[in-house]
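Nothing in this text is a laboratory measurement; each read-out follows from the coordinates by a stated rule. Just so it is clear, the model here is predicted, and its values are computed rather than measured. Glycine gets a Cβ as well: all are built from the backbone with ideal geometry, and neighbour counts include every protein chain shown.
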Amino acid sequence: MEQMDIYYGLASVMFSITVILATAYLIVWFMRPFLNNGRYAWEAGAVYFVVMLIIYCIPYEVLGMVPDVAALLAVFAVLYVREKGDQCGQKIFLLVIVYLIKWFAHGIILPFREVLYQEILFSSTFLSQPELVYFGLYLIIEITYFALRFVLMYYLSYMMERAYIYKKEAMGKGELGLLLAVPLSVMTGYLAFTFFFETYLADMNRYIQDIHREYNWIKALYQVVSFGAIFSVVVFFQKIKESHRQEKEGAVLKEQMESMKRYLSEVEVLYQDIRRLKHDMGNHVVILENLFQKDLHQEAMGYLLKLETEFHETAEELKTGNPVTDVIIMEKEKEAARKGIAFCHDFHFPEGSAIDVFDISVILSNALNNAIEGAASCQDSYINVSSYHKKNVYMIEFRNNFNGKLIFSEKDRLPVTSKEDQKEHGYGLSSIRKVARKYFGDMEIEQNGKEFLLYVMLMLK
């Protein structure tokens, strides 16, 4: 009998460690898409496993949610340090979800384990079996229970991870409060169930499910409904994010339209200068003839040099093959110069193609705005713009130096930032991609050390 007690004790230890290990793996798998570096997720899982193992090995029992809360606080501390305080609100919410998923999976599968215990282990048929046979049945039931529990934990985590689309976007305090409202209500229910269980055990010296077998089923139903409520809140929150993104994209489009109007008005000024120069050319020729006829060669040469300077100033404004793109390049070049950024371009508008100049202006404006913003904080900052076409492929390439590391959204693979003061970043790149795909092309983003590279491909035919 003593030997069997050792077997049961070893089995209990192994099952407990398995649950800790499975939860640690869940943290790694669930948290990794939300973190800047996947290695941090493994560190978080390792910290959870070590802290829970230490608490489990303490000679006196630590009850309730204390072990998990202590371990998850340690995980939060590690992620806070490793990610330099980014996205604190989101990490708090995610760790609360991890804890609740663990509780949900345990509670939902528990009634089925109790049925197996009642129908098999506690039945008169199997109670009369040899101890090793009985122990073997116990192991089968427990292994089945833990396998189903892990599968359910994984499935619930998978649903939550898939529903949470905007994983790298900043979460404000108000958003955190909205998301935590339902989970905190669920945890209140958890405390209520725990109180009823412990009070009944203290008063009756019996487990409540032994007398009222519906207790575990009611709790499981509560957990299913609770998960559904939390899942709905996450979906609703993502829809709000999507709506917010669409509003911002609409605002960006409106701003682009206003910029286009401004560019067109500046183009009209250029044309007026050219028309004025052409109109005055006859007068200039007459003046030069008179100066030469009067042998005023020095005055004639001075006048000619002045006229040549004015002509070149006007002519130099026409560089790219289209007056709209001329104005955009000129404006961004001046803005870059004001910020001490070296600006170099070899851009040419694809004349004779079906590409609308408005679409090219969207690409240039957004890409150069991002380039100026990225290069502004760098030493020896620079921006390089070039374009070329081969057969029916038209390519635009942007290069600029950049301090930082790109983080890509899981949904659209566009760079995002977790900084709250820059959470509008990315809408311009989304506009560029839309234009590229309109012409059956695409956009590609790379980071080569301290250099940011953006390639935009459009099909000319």
When only alpha-carbon atoms count, how far does region 333-374 stretch along each of its three principal axes, as whole angstroms with the largest first?
36, 17, 13
Translational diffusion coefficient (Stokes-Einstein; Kirkwood radius from C-alpha pairs) of region 348-407 at 4 °C, 1.567 mPa s, in µm²/s:
99 µm²/s
In the structure displayed, which of Lys173/Lys450; Lys173/Lys239; Lys405/Lys434; Lys84/Lys254; Lys239/Lys339 lie more than 29 Å apart, Cα to Cα?
Lys173/Lys450; Lys84/Lys254; Lys239/Lys339
Taking every pair of alpha-carbon atoms in region 115-205, what share in percent sits in each 5 Å bin, from 0 to the bin with the longest distance?
3, 10, 9, 11, 13, 15, 13, 9, 7, 5, 3, 2, 0
Whole-angstrom gap from region 154-192 to region 370-409, using each part's C-alpha centre:
37 Å
Quick calc: nm separation of the 7 Å Cα→Cβ label points for Leu176 and Leu21 -> 3.5 nm
Nearest-0.05 FRET efficiency for Thr144 and Val50, computed from C-beta distance (R0 41 Å):
0.90
Counted charge near Ser387, where neighbours are those whose Cβ lies closer than 13 Å (Asp, Glu -1; Lys, Arg +1):
0
Segment Ala70-Glu299, length gained on full extension (0.36 nm per residue, minus Cα span):
73.5 nm
Taking every other residue with Cβ under 15 Å from the Cβ of Ile341 and scoring Lys and Arg +1, Asp and Glu -1, one gets 0
Quick calc: nm separation of the 7 Å Cα→Cβ label points for Asn290 and Phe135 -> 12.1 nm
Convex hull volume of the Cα atoms in region 26-176, per residue, in Å³?
136 Å³
Segments 197-208, 101-112 sorted - mean Cβ within 10 Å per residue, highest first:
101-112, 197-208
